[in-house]
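**Q** Sharing a structure, written as structure tokens. Questions coming.
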Amino acid sequence: SSMIQTKQKHRITSKEAISFALFVLLRRKNFSDITIGDIVERANVSRMTFYRYFKNKEDVFVYFTDERFEEFMNTLSCTKFSVNTFTHTLLRFVDKHKPSIELLIKCGCENLLLKQFDNYIAYIFRSAISKNSIYINNKYI
């Protein structure tokens, strides 16, 4: 049991290290100029470890944004879903992560970022619609 927990902890640590390495490298290079070799060297993991978790560097980017999205969803789930609370929560979230977002845009990741954002927004609204829980002007729609 403790060996499984140790392996899980190691897996999370390796994935996080790879994700963090990509983000650190983005401070110095454009996304298109970063290689898998750069990422594994910076993360201090083997290529085999990289490919155990990710198909390519775009997958690392998706993992990084998914982690942020999970934080956003946790914040959003603490309130009754309405257009106002959604907008307010989104703007606070963007403000909190503004330096990271600006860095991703500067490094040529805006298309990947927008694609992920589109996926998240669609997910949020599909979830709200399926639960009949979109609240606008003091009534559910």
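**Q** Spot the failing condition for R27; the list is (1) under 19 Å from the mean Cα position of the chain (by Cα); (2) open to solvent by 30 Å² or more (accessible area, probe 1.4 Å); (3) free of Cβ contacts under 8 Å to residues at least 60 places away in the same chain, and only one is missed.
**A** (3)
**Q** Separate question: If you go through the range 63-78 one residue at a time, do you hit one that is at pLDDT below 85 and among the hydroxyl-bearing types (S, T, Y)?
**A** Yes, the conditions are met somewhere in the range 63-78.
**Q** Can you tell me which condition S46 does not meet? The list is (1) open to solvent by 20 Å² or more (accessible area, probe 1.4 Å); (2) touching a Lys or Arg at 6+ places or on another chain (Cβ under 7 Å); (3) modelled with pLDDT of 95 or more, and all the others hold.
**A** All conditions are met except number (2).
**Q** Keeping to the range 49-84, report how many residues are open to solvent by 90 Å² or more (accessible area, probe 1.4 Å) and in a loop (DSSP other than H, G, I, E, B).
**A** Final tally of qualifying residues: 3.
**Q** Still on this model: I'd like the residue in the range 40-65 that is without any contact (Cβ under 8 Å) to a residue 24 or more places away in the chain and within 19 Å of L113 (Cα to Cα) and, out of all such residues, is nearest to the chain's Cα centre (by Cα).
**A** Step by step, filter the range 40-65, then rank; the result is D59.
Residue-by-condition table, conditions (1) touching a Leu at 6+ places or on another chain (Cβ under 8 Å); (2) more than 21 Å from F20 (Cβ to Cβ):
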{"position": "S82", "(1), (2)": "no, yes"}
{"position": "I101", "(1), (2)": "yes, no"}
{"position": "K106", "(1), (2)": "no, no"}
{"position": "R126", "(1), (2)": "no, yes"}
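**Q** Here is a further query. Is there any pair linking a residue in the range 106-117 that is open to solvent by less than 80 Å² (accessible area, probe 1.4 Å) to one that is part of a loop (DSSP other than H, G, I, E, B), with Cβ under 6 Å and at least six apart or on different chains, and which?
**A** Note: pairs meeting the criteria are C107/N30; G108/N30.
**Q** If you check N84 against the conditions, is it free of Cβ contacts under 8 Å to residues at least 60 places away in the same chain and at positive phi? Reasoning before the result, please.
**A** Values: free of Cβ contacts under 8 Å to residues at least 60 places away in the same chain: yes; at positive phi: no.
Judged against the criteria, N84 is not a match.
**Q** Taking the criterion of being touching a residue at least 60 places away in the same chain (Cβ under 8 Å) and open to solvent by 30 Å² or more (accessible area, probe 1.4 Å), would at least one residue in the range 90-105 satisfy it? Outline the logic, then answer.
**A** Kept after step one, since they are touching a residue at least 60 places away in the same chain (Cβ under 8 Å), are these residues of the range 90-105: 100, 103-104.
In the following step, the residues that additionally are open to solvent by 30 Å² or more (accessible area, probe 1.4 Å) were identified as 100.
Checked the range 90-105: at least one residue is touching a residue at least 60 places away in the same chain (Cβ under 8 Å) and open to solvent by 30 Å² or more (accessible area, probe 1.4 Å).
The values are calculated or read from the model by the stated rules, or taken from the named source; none is laboratory data. Just so it is clear, the structure is predicted and the values come from calculations on it, not from any experiment. Don't worry about glycine lacking a Cβ; one is built from the backbone with ideal geometry, like all the others, and counts go over all protein chains shown. Protein only, heavy atoms only, side chains kept; ligands, DNA and RNA dropped before computing areas. Shrake-Rupley method; radii C 1.70, N 1.55, O 1.52, S 1.80 Å.
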